[in-house]
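> I have a structure here, written as structure tokens, and I will follow up with some questions on it.
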Amino acid sequence: MNGVRNIWVRVALVLALATPLYFLIAAFGVKFGLLDWRIGFGLMTFRLGGLVLMGVAGLALIGLILALAVPPRGQGWKSALVALAVPAIGLGYALYVRQQAQAIPPIHDITTDFVDPPTFSDAVVAARAQVGGGNGLETDARLPEDPRFGEWSGMRVQDVQRNEYSDILPIRVALAPETTFDRALDAVRAIGLRVGVQDRADGRIEATARSFWYGFVDDFVVRIRPAPTGEGSIVDVRSVSRVGLSDLGANARRVRAFTRELNDRVAR
């Protein structure tokens with residue numbers, strides 16, 4: 001029995017130490033194009049990740065019990081405890097993310113103007129189309145009918161945004177469009193986005209954000225127009241994730257960060 005205990009603890013420890021590698025392969029496999037996001041994130045992380053963590057935790061727990069119960073008692077308990085701690089930390093983080101996700105609207109498209117949203121260039125539209133299972137750019141999309149979404153189930157995305165992010169509105173700037181364009185371009189760069197299109201004549205700036213994990217890309221566009229009164233400018237933005245139903249609030253945070261940065265630069 002002592003030999004079984006030792007082997008069990010060793011196997012549990014090896015699997016526990018290999019667990020982070022499993023998730024790293026999933027994340028960076030997607031980021032560097034070795035895995036489709038539906039495999040690396042959808043299958044390996046979202047669907048199987050919890051099972052992997054619980055399976056390793058179960059093996060480690062049995063190993064800890066054996067270490068404490070099988071004579072000579074206490075042999076290998078530290079290794080078993082380490083083997084248990086690794087998946088326990090992972091499960092704790094997964095639970096935290098789940099709780100965060102439940103408190104955030106499951107949407108991935110945020111704009112200051114749903115009636116006439118800023119549009120993306122053909123190049124961006126084409127890049128998005130190449131992503132298998134990616135998100136579209138519909139302006140009147142609805143959330144799926146799903147009890148997991150509670151009050152948001154089946155609602156139009158724009159209605160969800162109006163209810164949950166009522167502060168995200170067109171940005172009014174008391175500067176001419178030409179000057180506003182420069183301020184907006186600086187603001188886009190200041191919040192860490194990678195600028196692509198800079199169309200001064202059309203008053204449009206396009207940029208992208210790429211996540212460290214999985215390399216998920218969000219597209220960001222700024223539109224600058226003369227104010228209807230003829231004085232100043234109206235700035236509208238749109239931030240849309242290429243994949244995934246919920247962005248965990250990332251696009252709303254990005255739009256808010258841009259708004260603050262632009263207003264700060266205009267006020268200088």
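Read-outs throughout are calculated quantities, based only on the coordinates presented, and are distinct from any laboratory measurement. Fair warning: this is a prediction, and the values are worked out from it, not measured in the lab. Virtual Cβ from ideal backbone geometry, glycine too; neighbours counted across all protein chains shown.
> In the Gaussian network model of the chain, springs joining C-alpha atoms below 10 Å, which of GLY230, GLY33, GLY192 carries the largest mean-square fluctuation?
Evaluated over the chain, the most mobile residue of the options is GLY230.
> If we count other beta carbons within 10 Å of each Cβ, what is the order of ARG242, ARG223, fewest first? Don't jump to the answer; show the numbers that get you there.
Working: ARG242 20, ARG223 23.
Starting with the residue having the fewest Cβ neighbours, the order is ARG242, ARG223.
> Which of the following values of semi-axes √(5λ) of the Cα gyration tensor in Å was calculated from the structure shown: [x] 34, 25, 16; [y] 48, 18, 17; [z] 47, 24, 17?
Entry [y].
> Something else now. Explain nothing, just compute: Karplus ³J(HN,Hα) = 6.51 cos²θ - 1.76 cosθ + 1.60, θ = phi - 60°, for every residue of the range 174-185 in order, whole Hz, x for Gly and Pro.
8, 10, 5, x, 5, 6, 4, 4, 5, 5, 5, 4
> Among the trypsin sites (Lys or Arg not before Pro) within the range 63-162, which fall in a DSSP loop and have no more than 12 other Cβ atoms within 10 Å of their own Cβ?
For trypsin sites (Lys or Arg not before Pro) across the range 63-162 that sit outside H, G, I, E and B with at most 12 neighbouring Cβ atoms in 10 Å, the list reads ARG73.
> Separate question: Report ³J(HN,Hα) in whole Hz for each residue of the range 193-202, in order, from the Karplus equation J = 6.51 cos²θ - 1.76 cosθ + 1.60 where θ = phi - 60°; Gly and Pro get x.
8, 8, 6, x, 7, 10, 9, 5, 5, 8
> Can I ask one more? For the range 31-85, state which chymotrypsin sites (Phe, Trp or Tyr not before Pro) are in a DSSP loop and have at most 14 other beta carbons lying within 10 Å of their beta carbon.
Loop-located and lightly packed - PHE32.
> What nm value, rounded to one decimal, do you get for the distance between PHE32 and SER166 when each label is placed 7 Å out toward the C-beta?
Between PHE32 and SER166, the label points sit 4.8 nm apart.
> Then there is this: Please identify the GluC sites (Glu not before Pro) of the range 96-156 that satisfy two criteria: DSSP loop assignment and at most 14 other Cβ atoms within 10 Å. Which are they? List each step's numbers first, then the result.
Numbers: sites: GLU138, GLU145, GLU151; in loops: GLU138, GLU145.
Within the range 96-156, the qualifying GluC sites (Glu not before Pro) (loop, at most 14 other Cβ atoms within 10 Å) are GLU138, GLU145.
> Within the range 210-232, name every residue whose backbone N is under 15 Å away from a label modeled 7 Å from Cα of VAL131 along the Cβ vector.
Within reach of a label on VAL131, which here means backbone N under 15 Å from a point 7 Å along Cα→Cβ, the range 210-232 contributes 210-221.
> What's the center-to-center distance, using Cα atoms, between the range 52-90 and the range 111-145 in Å?
Using only Cα atoms, the two centres lie 48 Å from each other.
> Starting at the first residue of the range 22-28, write each ³J(HN,Hα) from the Karplus equation 6.51 cos²θ - 1.76 cosθ + 1.60 with θ = phi - 60°, in whole Hz, x for Gly and Pro.
Result, rounded to whole Hz: 4, 6, 5, 4, 4, 6, 7.
> How high is the relative contact order of the chain, in percent, counting Cα pairs under 8 Å that sit 6 or more residues apart? Mind showing how you got there, number by number?
Values: 416 pairs, mean separation 55.5, N = 268.
That works out to 21 percent.
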